[in-house]
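S.K.: Sending over a structure as structure tokens; questions will come in a sec.
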Amino acid sequence: MEIGGYLELESFRKQPYYPDLYAVNFGRTALTWLLQALKCTTLFVPYFLCDSVTEKCELEGYKLSYYYVDEQLTPLLEAPLPTDSYLYLVNHYGQLTDEKIQQYKKQYMRIIVDHTHSFFQRPLEGIPTLYSCRKFFGVSDGAYLYSDIALPLVPDRDISKDRMEHLLGRMEGNASDYYHILHQNAKTFSKEPIKRMSKLTANILGAIDYEQVRSKRNENYHTLHHHLNKYNPLDFIAADGPLAYPFYHPQGLFIRKELARRKIYVPAYWKNVMASMPEDSVEYRYAANILALPCDQRYTSSQMELVSDILLSLLKKYGVSHL
């Protein structure tokens, strides 16, 4: 134990949003940790899924069976499932309501819910549920896992100090200057074993005003929806504390690049889906053409109006203002 010397980062004394869940390093490691405890041999996963999950599962020796989704993101998969298998339900853009989850539980019996896109949607009793923190908060890692069965002890704690440069850099500089570091960090995640959440990440998550975050995300989402709804063919519900505002346009790849030229950065989720699926599939069209417009807690309603104005001007300029 060291006493004295220079001060470290302050320790914050608020409460994490999920104090009773397993706090671990990554969602993908939490999943394989859970699969081992459940004695799962085969996991049914959607084609519409980031390959970080599937690659980790395959690396750990789990068999994967893929299913399609329809335009409402409903799994196209017959029940019942084979013995020793589970259905992995991904809550894309928060469209998986609690009622739907309960229906899938009755239909498929053995399900695991991925709430990576819906941090504020609490787990349902008896249904294993995963959360990832990086898409909602300024942390470099961190995940939560709900399970009603006891999981084995995780002896090692993660260390996050070497993953913080892009976060600290963006706070005092420009995101574009540190974007490559973000990706360099991400490349190392697949090799990580299950660990407890780092002290640094837990410290930051303990200091967040979660009600303010949830409220601001809702407010910004509804501002975007007010301006863009009549141009948006997606019949999606508004999640509570949403990840983003999903706007669909058949020239989404082009519009995304034009927004980036104007310093509005819209992530391209699931590039692996675009590389592997037919262009006329739901999975390809959604991965390519859904613009996940930012509506998070950093921004005000006036900034959301600016995003709307720029997007509408692009649609008008390129002759695609009406769908």
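The values are calculated or read from the model by the stated rules, or taken from the named source; none is laboratory data. Everything numeric in this text was worked out from a predicted model, so none of it was measured. Don't worry about glycine lacking a Cβ; one is built from the backbone with ideal geometry, like all the others, and counts go over all protein chains shown.
S.K.: Please specify each residue of the stretch 228-242 satisfying the condition of being surrounded by fewer than 17 Cβ atoms within 10 Å (Cβ to Cβ) and among the polar types (S, T, N, Q).
M.R.: Across the stretch 228-242, the qualifying residue is only Asn229.
S.K.: Please determine whether any residue of the stretch 84-92 is under 29 Å from Pro267 (Cβ atoms), surrounded by 19 or more Cβ atoms within 10 Å (Cβ to Cβ) and touching a Lys or Arg at 6+ places or on another chain (Cβ under 8 Å).
M.R.: Among the residues of the stretch 84-92, at least one is under 29 Å from Pro267 (Cβ atoms), surrounded by 19 or more Cβ atoms within 10 Å (Cβ to Cβ) and touching a Lys or Arg at 6+ places or on another chain (Cβ under 8 Å), which makes the answer yes.
S.K.: So if I check each of Leu153, Leu182, Leu234, which one is among the aliphatic types (A, V, I, L, M), farther than 19 Å from Asp20 by Cα and part of a loop (DSSP other than H, G, I, E, B)? Full working, then the answer.
M.R.: On the way: Leu153 fails: farther than 19 Å from Asp20 by Cα; Leu182 fails: part of a loop (DSSP other than H, G, I, E, B).
Checking each option against the conditions leaves just Leu234.
S.K.: Only one of these conditions is not met by Asp148: (1) free of Cβ contacts under 8 Å to residues at least 60 places away in the same chain; (2) in a helix (DSSP H, G or I); (3) of a type outside the set (A, V, I, L, M, F, W, C). Which number is it?
M.R.: (2)
The rows are residues; the columns are (1) under 13 Å from the mean Cα position of the chain (by Cα); (2) in a loop (DSSP other than H, G, I, E, B); (3) of a type in the set (A, V, I, L, M, F, W, C).
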| site | (1), (2), (3) |
| --- | --- |
| Ala79 | no, yes, yes |
| Thr83 | no, yes, no |
| Tyr88 | no, no, no |
| Tyr93 | yes, no, no |
| Lys105 | no, no, no |
| Val113 | yes, no, yes |
| Arg122 | no, yes, no |
| Lys135 | yes, yes, no |
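S.K.: Further question: Could we say that Tyr284 is free of Cβ contacts under 8 Å to residues at least 12 places away in the same chain, surrounded by 18 or more Cβ atoms within 10 Å (Cβ to Cβ), not assigned by TED's automatic domain parsing to the domain that holds Phe119 and not small (Gly, Ala, Ser) here? Give the derivation first.
M.R.: Numbers: free of Cβ contacts under 8 Å to residues at least 12 places away in the same chain: yes; surrounded by 18 or more Cβ atoms within 10 Å (Cβ to Cβ): yes; not assigned by TED's automatic domain parsing to the domain that holds Phe119: yes; not small (Gly, Ala, Ser): yes.
Taking the combined requirement at face value, the residue satisfies it.
S.K.: Inspect the stretch 193-200 for any residue being assigned to a helix (DSSP H, G or I), surrounded by 11 or more Cβ atoms within 10 Å (Cβ to Cβ) and outside the structural domain of Ala260 (by TED's automatic domain parsing) and give the result as yes or no. Give the derivation first.
M.R.: Taking the stretch 193-200 first, the residues assigned to a helix (DSSP H, G or I) are 199-200.
With surrounded by 11 or more Cβ atoms within 10 Å (Cβ to Cβ) added as a condition, the list becomes 199-200.
Checking which are outside the structural domain of Ala260 (by TED's automatic domain parsing) leaves us with 199-200.
Checked the stretch 193-200: at least one residue is assigned to a helix (DSSP H, G or I), surrounded by 11 or more Cβ atoms within 10 Å (Cβ to Cβ) and outside the structural domain of Ala260 (by TED's automatic domain parsing).
S.K.: Taking the stated definitions as given, is Leu96 modelled with pLDDT under 95, more than 17 Å from Leu205 (Cα to Cα) and not β-branched (Val, Ile, Thr)?
M.R.: No; evaluated as a whole, the condition is false for this residue.
S.K.: Out of (1) closer than 30 Å to Arg262 by Cα; (2) free of Cβ contacts under 8 Å to residues at least 40 places away in the same chain; (3) surrounded by fewer than 21 Cβ atoms within 10 Å (Cβ to Cβ), the odd one out for Tyr108 is which?
M.R.: Tallying (1) closer than 30 Å to Arg262 by Cα; (2) free of Cβ contacts under 8 Å to residues at least 40 places away in the same chain; (3) surrounded by fewer than 21 Cβ atoms within 10 Å (Cβ to Cβ), Tyr108 fails exactly one: (1).
S.K.: Now for a separate question. Which of the residues that make up the stretch 250-276 are under 22 Å from Pro233 (Cα atoms), in contact (Cβ under 8 Å) with a residue 40 or more places away in the chain and not acidic (Asp, Glu)?
M.R.: Pro250, Gln251, Phe254, Ile255, Leu259, Ile264, Tyr265, Tyr269, Trp270, Val273
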